[in-house]
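Visitor: To start, I am sharing the structure in question, which I have written as structure tokens.
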Amino acid sequence: MVELKVSESRDLTRIERIGAHSHIRGLGLDSALEPRAVSEGMVGQITARKAAGVIVQMVKEGKIAGRAVLLAGQPGTGKTAIAMGMAKSIGLETPFAMLAGSELFSLEMSKTEALMQAFRKAIGVRIKEETEVIEGEVVEIQIDRPAVAGAASKTGKLTLKTTEMETVYDLGAKMIEALGKDKVQSGDVIAIDKASGKITKLGRSFSRSRDYDAMGPQTKFVQCPDGELQKRKEVVHCVTLHEIDVINSRTQGFLALFTGDTGEIRAEVREQIDTKVAEWREEGKAEIVPGVLFIDEVHMLDIECFSFLNRALENDMAPILVVATNRGITTIRGTNYKSPHGIPIDFLDRLLIISTQPYSEEEIRKILDIRCGEEDVEVSEDAKVLLTKIGVETSLRYAINLITSASLSCLKRKGKVVEMEDVSRVYELFWDVKRSTQYLMEYQSQYMFSEGATMEDDEANMMV
């Protein structure tokens, strides 16, 4: 008998990139908004996380809008991690837009227009409308496939039932394709939007709960719908003001959202949209959902941008603005004046300031444990102690960067667990900021255009 060897295939859809903050799942707070020591990827920063949790709670309850929060602290103290935790805690319903201060100066539009678009991305509109849907339990799906490929399109019949009635519907090629895509089968409870033809799988009927001995954890059981199959339901659509702006300002409509070529949007268009949204709010057809706009590296903004933000926060439909910086007392960009964090005093006065503190040795160890698990690297106890020591003496970011490098060194020697020798090897290969600076100070005369070098050294280098 011939033995067949089946080659191992990898599921490419499950491959995910591991980012610097991919281990963050939330702020790690309990129901009373008290921070847990280690939870949802967050470690330490108890006071900062508690303050961020209060902001998130107010956002969820709609009690805060047009306010600004500043996350201030040294590099590598978890400012961006807290912002990411806020985004995860707020949920999908609330818009969250992210922007780096340096991005404004590389876009093909004015700085104020880029900021305005970012503001509008962080303001959601929940639009309510009534639509006709067909809702029922699938009894049977019959698909008639043509005998010759390509001779004719597929046709079929779909039998749906409620507790009171049962009806057979004719299916076209598009509906058959949609049913196949959602893997709809007998016993599923589905809803079909009559206007768009969109199929939504609500769950599996309780009457079919004993069809299989085992069910996956994602299987959801629901009751078979009662009443008539065709019903009128209130459907809620959540969009951002920026999406409405783009759709109404471009000839290609919503396709402009996919191309990314939004360009500058005229003020008249925005005024008309704001007026229309205000009418919908009065009629009860829509409600505003103030979201969160996070601007990292806020010290990169200049005096014009800060003036714009001052005015924009006074708008009735302003989102919650969260900014972060690692600067101390520095020059405000576009001026010769110095100010705390490089932010004008009048704008600083509007901010609720959340301060982040340097991590302790124990907290650095816990963060390294989490990152080892996230990057799927098995590290020995001695190697973790060495990585923690490196993190304390250099920086947490440098220690985290050594994890993957050490794992590759381990693979090269055909090992399975990262040991101290692997960490020591990559520590020698890749320098931290302190060692690199020390080397530059020692050999600065041999570098071109070094400000520490003398004029004679520069001339000598040019001669060579």
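The values are calculated or read from the model by the stated rules, or taken from the named source; none is laboratory data. Since we're looking at a predicted model, the values are computed, not measured. We place every Cβ from the backbone using ideal geometry, glycine too, and count neighbours over all the protein chains shown. In case anyone asks, the SASA skips ligands and DNA or RNA and just uses the protein heavy atoms, side chains included. Shrake-Rupley method; radii C 1.70, N 1.55, O 1.52, S 1.80 Å.
Visitor: Do you know which residues across segment 321-359 are on the phi > 0 side of the Ramachandran plot and buried (at least 17 other Cβ atoms within 10 Å of the Cβ)?
Guide: His341, Gly342
Visitor: Is it the case that Val392 is touching a helix residue (DSSP H, G or I) at 6+ places or on another chain (Cβ under 7 Å), open to solvent by 50 Å² or more (accessible area, probe 1.4 Å) and aliphatic (A, V, I, L, M)?
Guide: On the way: touching a helix residue (DSSP H, G or I) at 6+ places or on another chain (Cβ under 7 Å): yes; open to solvent by 50 Å² or more (accessible area, probe 1.4 Å): yes; aliphatic (A, V, I, L, M): yes.
Taking the combined requirement at face value, the residue satisfies it.
Residue-by-condition table, conditions (1) touching a strand residue (DSSP E or B) at 6+ places or on another chain (Cβ under 6 Å); (2) open to solvent by less than 100 Å² (accessible area, probe 1.4 Å); (3) acidic (Asp, Glu):
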| position | (1), (2), (3) |
| --- | --- |
| Glu361 | no, no, yes |
| Gly373 | no, yes, no |
| Glu381 | no, no, yes |
| Ala399 | no, yes, no |
| Ser409 | no, yes, no |
| Arg413 | no, yes, no |
| Met420 | no, yes, no |
| Val433 | no, no, no |
| Ser445 | no, yes, no |
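Visitor: Within segment 322-345, is even one residue part of a strand (DSSP E or B), of a type in the set (D, E, K, R) and in contact with a helix residue (DSSP H, G or I) (Cβ under 9 Å, 6 or more places away or on another chain)? It would help to see each step written out before you state the result.
Guide: Initially, segment 322-345 is screened for residues part of a strand (DSSP E or B), giving 322-325, 329-331, 333, 338-340.
After this cut, where a residue has to be of a type in the set (D, E, K, R) as well, the list is 333, 338.
With the extra rule that they be in contact with a helix residue (DSSP H, G or I) (Cβ under 9 Å, 6 or more places away or on another chain), the set shrinks to 333.
Yes: one or more hits.
Visitor: To continue, here is another question. Restricting attention to segment 119-130, which residues are open to solvent by less than 20 Å² (accessible area, probe 1.4 Å) and either out of contact with any helix residue (DSSP H, G or I) (no Cβ under 7 Å at 6 or more places or on another chain) or in a helix (DSSP H, G or I) (or both)?
Guide: Phe119, Arg120, Ala122, Gly124 - these are the residues of segment 119-130 that are open to solvent by less than 20 Å² (accessible area, probe 1.4 Å) and either out of contact with any helix residue (DSSP H, G or I) (no Cβ under 7 Å at 6 or more places or on another chain) or in a helix (DSSP H, G or I) (or both).
Visitor: Now, a different point. (1) in contact with a His (Cβ under 9 Å, 6 or more places away or on another chain); (2) of a type in the set (Ser, Thr, Tyr); (3) not in a helix (DSSP H, G or I): which one isn't true of Thr77, the others all being true?
Guide: So Thr77 meets the others, but not (1).
Visitor: A further question on this structure: For segment 185-196, give me the residue count where each residue is open to solvent by 20 Å² or more (accessible area, probe 1.4 Å), without any contact (Cβ under 8 Å) to a residue 60 or more places away in the chain and either of a type in the set (A, V, I, L, M) or within 23 Å of Glu228 (Cβ to Cβ) (or both).
Guide: 2
Visitor: Hey, another quick one. Suppose we filter Met116, Met165 for residues that are open to solvent by 50 Å² or more (accessible area, probe 1.4 Å), at pLDDT 85 or above and closer than 30 Å to Ile303 by Cβ; which single one remains?
Guide: Unique residue meeting the criteria: Met116.
Visitor: Could we say that Gly26 is modelled with pLDDT of 80 or more, touching a helix residue (DSSP H, G or I) at 6+ places or on another chain (Cβ under 9 Å), farther than 22 Å from Leu348 by Cβ and not in a helix (DSSP H, G or I) here?
Guide: yes
Visitor: Kindly indicate the residue of segment 282-313 that is of a type in the set (Gly, Ala, Ser) and closer than 22 Å to Leu352 by Cβ and also surrounded by the fewest Cβ atoms within 10 Å (Cβ to Cβ) among those meeting that condition.
Guide: Ser307
Visitor: Suppose the filter is open to solvent by 70 Å² or more (accessible area, probe 1.4 Å) and at pLDDT 80 or above; does Gln223 pass it?
Guide: Answer is yes for this residue.
Per-residue answers, yes or no, for (1) among the β-branched types (Val, Ile, Thr); (2) surrounded by 15 or more Cβ atoms within 10 Å (Cβ to Cβ); (3) at pLDDT 85 or above:
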site: Ile134; (1), (2), (3): yes, yes, yes
site: Thr159; (1), (2), (3): yes, yes, yes
site: Met175; (1), (2), (3): no, yes, no
site: Arg210; (1), (2), (3): no, no, no
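Visitor: Considering every residue within segment 57-71, establish whether at least one is open to solvent by 50 Å² or more (accessible area, probe 1.4 Å) and touching an Asp or Glu at 6+ places or on another chain (Cβ under 8 Å).
Guide: No, segment 57-71 contains no residue that is open to solvent by 50 Å² or more (accessible area, probe 1.4 Å) and touching an Asp or Glu at 6+ places or on another chain (Cβ under 8 Å).
Visitor: So if I check each of Leu309, Leu352, Leu386, which one is part of a strand (DSSP E or B) and either closer than 17 Å to Ala399 by Cβ or touching a residue at least 60 places away in the same chain (Cβ under 8 Å) (or both)?
Guide: Leu352
Visitor: Hey, another quick one. Could you tell me whether any residue of segment 241-255 is surrounded by fewer than 12 Cβ atoms within 10 Å (Cβ to Cβ), of a type in the set (Ser, Thr, Tyr) and at pLDDT below 80?
Guide: Yes, because at least one residue in segment 241-255 is surrounded by fewer than 12 Cβ atoms within 10 Å (Cβ to Cβ), of a type in the set (Ser, Thr, Tyr) and at pLDDT below 80.
Visitor: Might you check whether a residue that is among the hydroxyl-bearing types (Ser, Thr, Tyr), modelled with pLDDT of 85 or more and either part of a strand (DSSP E or B) or surrounded by 12 or more Cβ atoms within 10 Å (Cβ to Cβ) (or both) occurs anywhere in segment 140-155?
Guide: Looking through segment 140-155, none of the residues is among the hydroxyl-bearing types (Ser, Thr, Tyr), modelled with pLDDT of 85 or more and either part of a strand (DSSP E or B) or surrounded by 12 or more Cβ atoms within 10 Å (Cβ to Cβ) (or both).
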